[in-house]
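The values are calculated or read from the model by the stated rules, or taken from the named source; none is laboratory data. Here the structure is a predicted model, which is why all the values come from computation and not from measurement. Backbone-built Cβ (ideal geometry, glycine too); neighbour counts: all protein chains shown.
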Amino acid sequence: MPDAPGLELLAQDLRDVHADAVVGTEFFRGKGAIQIAPAAIDEVLAFLRGRGFAHLMSVHGVDYYPEEPRLGVQYEMLDREALDRLTVKLRVPLDAPSVPSVTPKWPTANHQEREVYDMFGVVFDGHPDLRRILMPEDYEGHPQRRDFPIGGEPVLFTVAEAAGKDYTMGADNKPKRAETES
Amino acid sequence: MSTTDVTPYRSGEERIDVTQRVQTLPAPPDQELLTLNMGPHHPATHGVLRLLVTLEAEVVRDLKPLIGYVHTGIEKTAEDKSYWKAIPVVERMDYLAYYFNAMAFCGATETLLDVEVPRRAQYLRVIHMELNRIMSHLVWLGTSMLDLGAVTVWWYCFRERETILDLFEQSSGQRMHTRYFQVGGVMEDIPAGFEGNLRKFLKKMPDAIDQYLDLLNRNEIALRRLRDTCPLDEQTLLDLGVTGPLLRASGNPWDLRKAMPYSSYEDFEFKIPVGTRGDNYDRFAVRMQEMKESVKIIEQAIDGLPEGPFITEDRKVALPPRHELATSMEALLHHFKLVTEGFRVPPGEVYYPIEGPRGEYGMFIRSDGSSKPARVHMRDPSFVNLQATEPMVRDAYIADLITTLAMMDPVLGGVDR
C-alpha cells in the first residue's frame with residue numbers, strides 16, 4: 001500500500017510529466033486518490049499504467065450536489081504486482097459534462113462509461129457506442145443525480161392513455177409530479 | 001464374442017476425439033447474415049438478458065448484450081435509507097451472492113467509520129460467505145447443466161443447496177437475503193446445533209462434489225460441449241476487466257482472498273484452482289475445485305472459531321444487547337437513536353473490493369456526514385464480465401454460445417441492479 005508520502009511522490013512525478021494534470025491528492029483510510037483535470041485523463045491513466053497500475057477495475061460516477069463542479073467520475077486502478085490500489089478522481093460542471101473516453105485504451109470501461117452516462121449524464125467524448133445501458137432508450141433525465149426525485153415512476157397504461165390521462169394526473173388533469181429536468 | 005458385440009451401440013466410441021473441434025467455419029460466399037433476437041425471456045439466458053446475435057448460418061459473427069430489464073434502482077433506493085437499513089436492499093443486487101453484497105457494503109461502511117470488527121465476527125462472516133460461494137456455484141452448476149441437457153445434475157445440486165439454506169435459516173432465520181451481516185459484525189451468534197449441522201454438511205460435501213464430477217467428467221455430451229469451446233486468452237480477459245473463475249480458468253491465479261486478504265482470510269490455508277486453456281471446460285473445472293477449497297476454509301474457520309463478541313462493542317454503531325435496555329438509560333438512548341436516525345458516518349469516499357463467486361464485488365460509498373449514504377455503487381462482476389461474451393463466442397457455433405453463457409454465470413440482478 002502506498003503511504004501518504006508515496007502518494008505525494010507519485011503525484012509529483014505526474015506533475016513533472018503533465019504540468020496541469022494534477023489538481024490535488026487525498027489520503028483517506030489508508031488509500032490514496034489523485035484528483036485530476038478532466039482533459040488529462042488519458043495521459044494520467046497511461047502514466048499510471050507505466051507505474052504498475054495496469055488494471056482499471058471500476059469506473060463510477062458521483063454527484064456532489066449542490067457543490068460545483070457537480071459531477072464526478074472515478075477510476076479505480078489496480079496494481080496486480082505490488083498489490084496496490086489507487087483512485088483517480090475528476091470533476092466536471094453540470095453545464096459542460098464532458099470527459100474524454102478511456103474505452104479505446106481500456107476496453108473494460110465500455111459498459112461502465114455507458115452506465116455513468118445513463119445515470120449521471122456525463123458525456124464521454126470518443127466512446128464508440130455511447131447509449132443508455134440500464135434505462136430505456138427514450139428515458140428522460142439521469143436518475144442517479146441527487147436532485148432526481150425518488151419514487152413515483154410514472155407507468156402509462158393503455159386504458160388510461162386512451163382516456164387521455166394516466167395515473168400520474170391529478171383530478172385537475174395536471175401532472176401530480178413536477179417534471180424533472182432532462 | 002468380441003467386446004464390440006456386447007456393446008454395439010458404443011462401437012464408435014474410440015473414434016470420438018473431443019480435442020478435435022471445428023472452431024471457425026469457412027463461410028460459403030453466398031451466405032447471408034441473419035440477426036436473431038435471443039431473450040429477454042429465454043430459459044438459457046439465466047435471467048432477463050437479451051442478446052442480439054448476428055448469425056452466418058450457424059456461426060455467431062457478432063453479438064450485442066442488451067441489459068436493463070431488471071433494473072430496479074437499488075443504488076438509488078439505498079441512498080434514501082440509513083446505512084443499516086440499506087443492507088437488505090443492497091443484498092438483493094446479485095441475488096445468488098447476498099452475503100457478498102452485504103460484506104462489501106458493511107466493509108465499506110466500517111472503513112468509513114474506522115470500526116474494528118471482532119475476530120469471531122470475521123470468522124463467522126467467512127463461514128457464511130464460503131457457504132454462500134458453494135451455494136452460488138451449485139445453482140450455477142445445476143442450471144448450466146440443464147442448459148446442456150443434463151437434467152439429473154440439477155436435482156443433486158439442489159439437494160446440497162437445500163442443506164446450505166437450512167444452515168442459513170438456522171443462523172439468521174432467513175433462507176435467502178438473510179441480512180445476517182451487520183455493520184461492525186454479525187446480527188447474532190450462531191445458535192446451538194449450528195456447528196453440528198455444519199460439520200455434517202462439510203463431511204458430506206466433498207463426496208457430493210465427486211458425485212457431480214462422476215456424472216459429468218465421463219459424459220460424452222457434456223465433455224464435447226465444454227472442451228475447447230470458446231476459449232479466451234488471459235490478456236484479453238485482463239483488458240476487459242474480467243475477474244473471478246473466468247479469469248482463473250485462463251491461468252491467472254488472481255484471487256482477492258489471497259492477494260489482498262480481508263476479514264481474516266489470511267488465517268486460512270487454501271489453494272486457488274486455475275485452468276490451462278481458458279475454455280469452457282476450464283471454467284467448469286475451476287468452479288468445481290473452488291467448492292472443495294471453500295469446504296476446507298469453512299472447516300478451518302469452524303475449528304479455529306475464536307471466542308469473544310460477535311459484533312463491535314461500539315454502541316454508536318451496533319445495537320445494545322436486549323437485556324441492557326431494562327436497566328440502562330444510556331442503552332435505551334443508543335437503541336432509540338440507532339433505530340430512528342441510524343448512525344452518522346464521517347464524510348469520505350471508500351471503494352471496498354472483495355472476492356465473490358463471480359469475481360470482484362467492489363462497493364463504492366460516498367458519505368456526506370449524514371446517516372444516509374450519498375452514493376452507493378456496486379462494481380458488479382457480472383456486469384463487467386458480460387463484456388467478454390462477444391470476444392468469446394465470435395466465430396463459434398450458436399450452440400456453443402449457450403454453453404459459454406452458462407459457463408460465464410452472469411446473474412442479471414447484479415448486472416442491472
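Numerical summary
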quantity: Residue within the stretch B:97-114 that is of a type outside the set (Asp, Glu), within 14 Å of another protein chain (Cβ to nearest Cβ), farther than 20 Å from B:ASP380 by Cβ and not in a helix (DSSP H, G or I) present; calculated: no
quantity: Complete set of residues in the stretch B:347-362 that are crowded, with 23+ Cβ neighbours inside 10 Å and on the phi > 0 side of the Ramachandran plot; calculated: B:GLY359
quantity: Residues within the stretch B:253-281 that are assigned to a loop (DSSP other than H, G, I, E, B) and either under 22 Å from B:VAL117 (Cα atoms) or in contact (Cβ under 8 Å) with a residue 60 or more places away in the chain (or both), tallied; calculated: 8
quantity: Residue satisfying condition, being away from every other protein chain (no Cβ under 14 Å), part of a loop (DSSP other than H, G, I, E, B) and either in contact with a strand residue (DSSP E or B) (Cβ under 7 Å, 6 or more places away or on another chain) or among the acidic types (Asp, Glu) (or both), within set A:ASP13, A:ASP20; calculated: A:ASP20
quantity: Wholly enclosed helices (runs of 4 or more DSSP H) of the stretch B:152-252 bearing at least 1 residues within 14 Å of another protein chain (Cβ to nearest Cβ) and at pLDDT 90 or above; calculated: B:234-239, B:245-248
quantity: Selection status of A:GLY32, exposed (fewer than 15 other Cβ atoms within 10 Å of the Cβ) and either in a strand (DSSP E or B) or within 14 Å of chain B (Cβ to nearest Cβ) (or both); calculated: no
quantity: Residue check, B:ALA102 within 21 Å of B:ILE134 (Cα to Cα) and surrounded by 21 or more Cβ atoms within 10 Å (Cβ to Cβ); calculated: yes
quantity: Residue among A:HIS60, A:HIS55 that is within 8 Å of chain B (Cβ to nearest Cβ), under 16 Å from the mean Cα position of the chain (by Cα) and free of Cβ contacts under 8 Å to residues at least 60 places away in the same chain; calculated: A:HIS60
quantity: Selection within the stretch B:332-360 - more than 11 Å from chain A (Cβ to nearest Cβ) and among the small types (Gly, Ala, Ser); calculated: B:GLY342, B:GLY356
quantity: Check on A:VAL99, more than 23 Å from B:LEU386 (Cα to Cα), away from chain B (no Cβ under 11 Å) and touching a Pro at 6+ places or on another chain (Cβ under 8 Å); calculated: yes
quantity: Qualifying residue in the stretch B:225-247 (condition: among the polar types (S, T, N, Q) and within 30 Å of B:ARG119 (Cβ to Cβ)); calculated: yes
quantity: Breaking point among (1) surrounded by fewer than 19 Cβ atoms within 10 Å (Cβ to Cβ); (2) under 18 Å from B:TRP140 (Cα atoms), for B:ILE209; calculated: (1)
quantity: Matching helices (runs of 4 or more DSSP H) fully within the stretch B:361-409 where at least 2 residues are more than 10 Å from chain A (Cβ to nearest Cβ) and out of contact with any Pro (no Cβ under 7 Å at 6 or more places or on another chain); calculated: B:389-393, B:398-408
quantity: Test set (1) in contact (Cβ under 8 Å) with a residue 60 or more places away in the chain; (2) buried (at least 20 other Cβ atoms within 10 Å of the Cβ); (3) not charged (D, E, K, R) - B:CYS157 fails condition number; calculated: (1)
quantity: Exclusive hit being basic (Lys, Arg), crowded, with 18+ Cβ neighbours inside 10 Å and more than 20 Å from B:LEU124 (Cβ to Cβ), set B:ARG283, B:ARG277; calculated: B:ARG283
quantity: Residues of the stretch A:63-85 classified as in a loop (DSSP other than H, G, I, E, B), under 25 Å from B:GLU234 (Cα atoms) and either touching a strand residue (DSSP E or B) at 6+ places or on another chain (Cβ under 8 Å) or at the interface with chain B (Cβ under 9 Å from one of its Cβ atoms) (or both), total; calculated: 2
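Let's see how each residue does on (1) within 16 Å of B:MET378 (Cα to Cα); (2) touching a Cys at 6+ places or on another chain (Cβ under 9 Å); (3) surrounded by 19 or more Cβ atoms within 10 Å (Cβ to Cβ):
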{"position": "A:ASP63", "(1), (2), (3)": "yes, no, yes"}
{"position": "A:ARG70", "(1), (2), (3)": "no, no, yes"}
{"position": "A:ASP79", "(1), (2), (3)": "no, no, no"}
{"position": "A:ALA82", "(1), (2), (3)": "no, no, no"}
{"position": "A:GLN112", "(1), (2), (3)": "yes, no, yes"}
{"position": "A:MET135", "(1), (2), (3)": "no, no, no"}
{"position": "A:GLU140", "(1), (2), (3)": "no, no, no"}
